[in-house]
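Working notes, structure below.
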């Protein structure tokens with residue numbers, strides 16, 4: 001297991017990155033504040049994503065929060081006075097946020113959110129950047145900007161509407177209320193809800209299944225899914241088709257056929 005930060009003893013306000021069994025784990029760690037995201041934590045995200053992207057041994061990423069109480073409880077509002085008090089400071093803070101979000105959005109490999117406890121504000125935005133979401137039965141979701149007087153960017157609204165539909169998005173954003181895991185499942189915000197005690201095992205099992213599949217196929221399918229969510233004018237169908245063709249021309253395609261005929265598990269290399 002490789003790590004870019006000390007694991008469970010990491011100081012508050014850090015991002016933990018580790019790799020194991022084909023899975024890249026990116027963990028938000030500020031447990032004293034329910035993993036509220038700081039400016040420095042956001043600045044660390046592009047580097048972690050780039051490392052996962054470049055490492056062929058990483059087949060899937062899992063995004064999680066440290067501890068038992070929260071995935072991400074939002075942005076660390078205590079920093080707003082220092083980090084967003086002036087126009088220049090606000091631009092720097094927002095740029096760090098944009099770069100972090102862009103790095104996650106551009107990640108070409110499958111990415112899952114493992115959600116327990118509080119998933120509020122920036123936590124919801126982060127979860128929506130993932131391809132799918134698994135929640136514990138103790139998860140609590142909410143988008144509270146209306147209760148704080150904050151602006152909620154169009155990109156976040158657009159993502160929420162695409163995920164849960166305009167009516168649920170309106171209810172969440174207008175009220176700022178919190179919703180339980182079963183409500184989130186009903187809305188379509190999460191793929192499944194499991195007992196908290198089973199959450200990590202469930203996520204590891206799903207991520208392990210993904211990691212064992214053909215990387216080029218996973219990449220091409222993710223590109224196709226992304227393009228379905230764009231306006232037709234913005235779709236890059238040439239790239240999508242090129243990735244599909246690359247799958248059929250790959251060594252993994254031959255390995256998949258051979259493994260099927262030999263009735264064994266394939267050993268995909270991403271080539």
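Values in this text are rule-based calculations from the coordinates and carry no lab data. Keep in mind that what you see is a predicted model, and the values were worked out from it rather than measured. Heads up, the Cβs are rebuilt from the backbone with ideal geometry, glycines too, and the neighbour counts pull from every protein chain shown.
Tabulated data
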quantity	calculated
Computed label-point distance, nm, for sites residue 209 and residue 170 using a 7 Å Cα→Cβ extension	3.6 nm
Relative contact order computed over region 143-263 (Cα-Cα under 8 Å; 6+ residues apart), in percent	17 percent
Residue with peak Gaussian network fluctuation, the chain [Cα springs, cutoff 10 Å], from 156, 234, 176	234
Computed FRET value (nearest 0.05) for residue 246 with residue 157, which takes r as the C-beta separation and R₀ as 30 Å	0.30
Sites residue 32 and residue 254 - FRET efficiency at Förster radius 45 Å, r taken between beta-carbons, to 0.05	0.30
GNM flexibility winner over the chain from 243, 30, 257 (Cα, springs under 10 Å)	257
Calculated semi-axes √(5λ) of the Cα gyration tensor in Å (choose from (i) 32, 21, 19; (ii) 39, 21, 17; (iii) 28, 21, 19), label	(i)
Extension gain from residue 148 to residue 201, taking 0.36 nm per residue of separation minus the Cα-Cα distance	15.5 nm
C-alpha long axis of helix 215-228 to longest principal axis of the chain, angle in °	50 degrees
Taking the chain and dividing mean pair separation by its residue count, relative contact order in percent (alpha carbons under 8 Å, at least six apart)	15 percent
Förster radius 25 Å - calculated FRET efficiency between residue 98 and residue 227 (Cβ-Cβ, nearest 0.05)	0.70
Helix 199-211 axis, angle to the chain major axis (alpha carbon atoms, nearest 10°)	40 degrees
Normalised contact order of region 96-187, rounded percent, pairs of Cα under 8 Å and 6 or more residues apart	28 percent
Crossing angle, helix 39-54 versus the chain [Cα axis fit, 0-90 degrees, rounded to tens]	0 degrees
